[in-house]
Amino acid sequence: MEEESKLALEKPKEEQKMLVAQIYREIEELQDELEMNFWKIKNFDKVQSSPTDHRFFSHDNFLKYHISEKISLNFIIRREWEVLDLNLINSSIYVRVYESRPYLMRAIIKGPPNTIYYNALFCFDICFTCDYPNQPPKLFYHSYDYDLNPNLKKNGKVNLPHSKRKCSSSNPFRILDILVTIQGFLNDEFSRNKKNVLIIRTWEAMLVMLESPLEGFEILVKGHFRTQAHEILRNFKNYMDSKDEIMNKLFLKLIKAFEANGTYCKHHYNNQVLNHDYEEAKCNNVTKKNGYSKLPLCIM
């Protein structure tokens, strides 16, 4: 009788293990079109048309400039393109420029290692005006409604140091210097309490960005989170308090988002995630003869 009771208790656990094993069976990694295109991405690239979701897409001041001003600005900007193309190779800064609208630019900066922003992506829209390089270009930071850095405001404003400084021909503003300065913001140190808040917001912002990548950077965003998902989840597990319900829910959201994006995440699952998927599988009545072939599998 005692042995029968013991077996009855162990049966659900064994059933759960088998169910989960079916759902998350290991598969051999196959590079798909997304990953192949991701590894071909250049740090600097020229495309023909500007994205319609660019902050300054409707900016028409350029059309009001005198023809000589347009020619001068166009010449300056294209020289800047050459500098970026030469200096951004193998960096963590990605820039796209547009032949149809050379005064517009879009950039993504990766969060540096050993910071709270590691593996986060920071997106900026840029517009050059006729007073460039005597004055910095217009900048807009896509915050996704998250306040992550004191110099990168939730409303999109970028606080550049010395942005109002007097400029001379021997010391003009340069877009490469501006991007490197912004990158430096991501090395800022914070108090422990502030750090705890910002790091959680950063992970939350990753979810929003992955769901709604900026036009022209879709492959970069999806490919980045496809290839860096394991590192992000490992960092999360090292940081998280397993007893914190909010952290556990955020961890589950990250895993689900990365799986939907094609990353194989079985080895990151904790009991909460396994129990969640076990119950979900039962509710969806997917314990059919063919197992769980219709459920998304992630790539290792």
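Please identify the pairs in which a residue from segment 77-101 that is among the charged types (D, E, K, R) has its Cβ atom under 9 Å from the Cβ atom of a residue that is surrounded by 20 or more Cβ atoms within 10 Å (Cβ to Cβ) and in a helix (DSSP H, G or I), counting only partners at least 6 apart or on another chain.
These pairs meet every condition: Glu80/Ile175.
Please work out which residue is farthest from Leu121 (Cα to Cα), limiting yourself to segment 147-183 and to residues that are modelled with pLDDT under 95 and in contact with a Ser or Thr (Cβ under 8 Å, 6 or more places away or on another chain).
Pro161
Report yes if Ile41 is out of contact with any Lys or Arg (no Cβ under 7 Å at 6 or more places or on another chain), at pLDDT 95 or above and not in a helix (DSSP H, G or I), otherwise no.
yes
Looking at segment 257-272, which of the residues that are outside any loop (DSSP other than H, G, I, E, B), out of contact with any Leu (no Cβ under 6 Å at 6 or more places or on another chain) and without any contact (Cβ under 8 Å) to a residue 60 or more places away in the chain is farthest from Phe124 (Cα to Cα)?
Top of the filtered list is Asn271.
With respect to Ala107, determine if the residue is surrounded by 17 or more Cβ atoms within 10 Å (Cβ to Cβ) and closer than 16 Å to Val47 by Cα.
Yes, satisfied.
Being of a type outside the set (Phe, Trp, Tyr) and at pLDDT 90 or above: is that true of Lys253 here?
For Lys253, the condition - of a type outside the set (Phe, Trp, Tyr) and at pLDDT 90 or above - is met.
Only one of Thr129, Thr52 is out of contact with any Phe, Trp or Tyr (no Cβ under 9 Å at 6 or more places or on another chain), in a loop (DSSP other than H, G, I, E, B) and not charged (D, E, K, R); which?
Step by step, each of Thr129, Thr52 is checked, and only Thr52 is out of contact with any Phe, Trp or Tyr (no Cβ under 9 Å at 6 or more places or on another chain), in a loop (DSSP other than H, G, I, E, B) and not charged (D, E, K, R).
Being assigned to a strand (DSSP E or B) and either of a type in the set (Gly, Ala, Ser) or more than 12 Å from the chain's Cα centre (by Cα) (or both) is the filter here, so list the residues in segment 95-123 that pass it.
Of everything in segment 95-123, those that are assigned to a strand (DSSP E or B) and either of a type in the set (Gly, Ala, Ser) or more than 12 Å from the chain's Cα centre (by Cα) (or both) turn out to be Val95, Arg96, Val97, Tyr98, Leu104, Met105, Arg106, Ala107.
Among the listed residues Phe225, Phe217, which satisfies the condition of being among the aromatic types (Phe, Trp, Tyr) and over 17 Å from Asp125 (Cβ atoms)?
Phe225
The values are calculated or read from the model by the stated rules, or taken from the named source; none is laboratory data. These figures come from a predicted structure and were not determined experimentally. No Cβ is skipped: glycine too gets one built from the backbone with ideal geometry, and neighbour counts run over all protein chains shown.
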